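Novice: Shown below is the structure under consideration.
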Amino acid sequence: MNNLNHIAIIMDGNGRWAKERNLPRTMGHKKGVEKVREIAIYANKLGVKCLTLYAFSTENWKRPETEVNYLMSLPKVFFKSYLKEIMENNIVIRMVGDMERIPSEAREIFESAIEQTKNNTGMVLNFAMNYGGQNEIVKAALKFANDYKEGKKDSLDEESFKDYLYTAGLPDVDLMIRTSNEQRISNFLLYQLAYSEFIFTDTYWPDFSCEDLDKCIEEFNHRTRRFGGLNETKNN
């Protein structure tokens, strides 16, 4: 586990999980919230330094208003139920994305959780809310351009550009997991996933277990990461 610092997960399949059980889609999202608690606490115990979860994308606003409203109510449900346990497990809450469009109640709940956990020293549980990778890169470029114009910066490279991203200060993503077997990254962490390992699993997010995470980590540990170079000890 020492070589796996940052796991990112696209939590997909909540709606299909509910549909297969003749339940409303909201029940799939509710079950998904419970799964966040389970996987986050387990990842923290494994020694993962950061777990980033794709909770709501900039494209998800296209969903029916009733579903969007329900999704925006889930932060209150999550933190009301699990903040005490998060504190007991020394987990730090962070949030990435464009916060301006998030309803004030949901935003304030996140801000309160971030404030209450800021002195914890365990895993960072990082929620991507109203997040889009292309939007993040554009905003980062504009921030650099402004710094350049004001004389604060005179050069830029791949590494220093990370300071302008929402994920500034977090380790690079080692492993990206997407549940429900959709094999695309859906505008998620485009810059941060440059050399990540990808695993796509058939399991819907509400059914994704700690054992499933173990299997993903085991597969990750059997892969050779070359970062564009060569590993002379293995077949290339």
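Novice: Just to confirm a number: summing +1 for Lys and Arg and -1 for Asp and Glu over residues other than Arg178 whose beta-carbon lies under 11 angstrom from that of Arg178, what do you get?
Specialist: Summing Lys/Arg as +1 and Asp/Glu as -1 gives -2.
Novice: While we're here: I'd like the accessible area for Asp172: 1.4 Å probe, protein heavy atoms, all chains in place, Å² to the nearest 10.
Specialist: 80 Å²
Novice: As a quick test, which of the pairs Lys19/Lys76; Lys31/Lys84; Lys35/Lys80; Lys35/Lys215; Lys62/Lys162 have an alpha carbon distance above 27 angstrom in this structure?
Specialist: On the way: Lys19/Lys76 24 Å; Lys31/Lys84 19 Å; Lys35/Lys80 15 Å; Lys35/Lys215 17 Å; Lys62/Lys162 29 Å.
Those over the limit are Lys62/Lys162.
Novice: So how much accessible area does Phe198 have, in Å² to the nearest 10, using a 1.4 Å probe?
Specialist: Surface accessible to solvent at Phe198 totals approximately 70 Å².
Novice: Lys49: accessible area at probe 1.4 Å, nearest 10 Å²?
Specialist: 120 Å²
Novice: With a ≥ b ≥ c taken as the square roots of the eigenvalues of the C-alpha gyration tensor of the range 36-140, please select rounded if a/c is under 1.5 and otherwise prolate if a/b is larger than b/c or oblate if it is not? List each step's numbers first, then the result.
Specialist: Details: a/c = 1.87, a/b = 1.47, b/c = 1.28.
Judged from the Cα gyration tensor, the range 36-140 comes out prolate (a/c at least 1.5, a/b above b/c).
Novice: Run the numbers for Tyr195 and Ser160: contour at 0.36 nm per residue of separation, minus the present Cα-Cα distance, in nm.
Specialist: 10.9 nm
Novice: Based solely on its DSSP helices, what 222 nm [θ] is calculated for the chain when runs of n ≥ 4 H residues each add -39,500 (n - 2.57) and the sum is averaged over all residues, nearest 500 deg cm²/dmol? Before the final figure, lay out each step's value.
Specialist: Working: 7 runs with 99 residues, N = 236.
For the chain, the value works out to -13500 deg cm²/dmol.
Novice: At a 1.4 Å probe, what is the % contribution of carbon and sulfur to the accessible area of the range 1-84?
Specialist: 50 percent
Novice: Whole number in Å², please: accessible area per residue of the range 162-222, 1.4 Å probe, ligands, DNA and RNA not counted.
Specialist: On a per-residue basis, the range 162-222 sits at 45 Å².
Novice: From the list [x] 14.5; [y] 16.4; [z] 13.4, can you say which value of mean projected area of the Cα convex hull in nm² was derived from the structure given?
Specialist: Step by step, mean projected area of the Cα convex hull in nm² for this structure corresponds to label [x].
Novice: OK, next. Would you work out the relative contact order for the range 86-163, in percent, from Cα pairs under 8 angstrom that are 6 or more residues apart?
Specialist: On the way: 70 pairs, mean separation 27.8, N = 78.
Relative contact order of the range 86-163: 36 percent.
The values are calculated or read from the model by the stated rules, or taken from the named source; none is laboratory data. Not measured: the values here are computed from a predicted model. Neighbour counts run over all protein chains shown; Cβ positions are idealised from the backbone, glycine included. Side chains included, ligands, DNA and RNA excluded: accessible areas come from the protein's heavy atoms. Shrake-Rupley method; radii C 1.70, N 1.55, O 1.52, S 1.80 Å.
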